[in-house]
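The values are calculated or read from the model by the stated rules, or taken from the named source; none is laboratory data. Please read all numbers here as calculations on a predicted model, not as lab measurements. Ideal geometry is used to build each Cβ from the backbone, glycine not excepted, and the neighbour counts take in all protein chains shown.
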């Protein structure tokens, strides 16, 4: 598929937005990661149809761009749920029952890390560290980090976040 046909499917406004993001970073050394962050910020994810546009604008192969998007777990290829719940998997959190908390969340939400509930309400993510090791296990809901989270506390936090879900 050519960049032109992808751009047509993409829509000119979205294509222009991606081209403008690339242009803001063009003079920098190795700008791909920053561009992908900005695209994700703008679209909620790095949609597959953005990859050929970014590749074309940076004179890279689609495989190069796709490889970076899929290598880094931070980048999403589809929009997240209304709320993103990040579970810490660092050693400290694991030592304080973080695995049990993750199993609880997986079982009660019916999704694995990297997935979104069918109603689009919650995306569950596993992260390497939330930096709250003294208060393990840690969970981040949206932009708020919470420590010493138990299954019961996770239920409460989700209710407070307005998800309408208690696990």
Could you please let me know if residue 109 is over 14 Å from the mean Cα position of the chain (by Cα) and crowded, with 18+ Cβ neighbours inside 10 Å? yes
| said: Going residue by residue through the range 30-41, is there one that turns out to be over 14 Å from the mean Cα position of the chain (by Cα), part of a loop (DSSP other than H, G, I, E, B) and at pLDDT below 95? | reply: yes
The residue from 53, 65, 69 that alone is in contact (Cβ under 8 Å) with a residue 40 or more places away in the chain, within 22 Å of residue 35 (Cα to Cα) and not in a loop (DSSP other than H, G, I, E, B) is 53
Of the residues in the range 77-113, those that are free of Cβ contacts under 8 Å to residues at least 40 places away in the same chain and within 30 Å of residue 49 (Cβ to Cβ) come to 77, 78, 79, 110, 111, 112, 113
Contact list, first residue from the range 8-27 and assigned to a helix (DSSP H, G or I), second anywhere and surrounded by fewer than 11 Cβ atoms within 10 Å (Cβ to Cβ), beta-carbon distance below 8 Å, six or more apart or interchain, is none
Residues in the range 112-124 that are part of a strand (DSSP E or B) and surrounded by 17 or more Cβ atoms within 10 Å (Cβ to Cβ) total 4
**Prompt:** Condition test on residue 130, is it buried (at least 18 other Cβ atoms within 10 Å of the Cβ), over 14 Å from the mean Cα position of the chain (by Cα) and at pLDDT 95 or above?
**Reply:** yes
Review point. Can we say residue 77 is farther than 26 Å from residue 124 by Cβ and either outside any helix (DSSP H, G or I) or not assigned by TED's automatic domain parsing to the domain that holds residue 155 (or both)?
Key: no
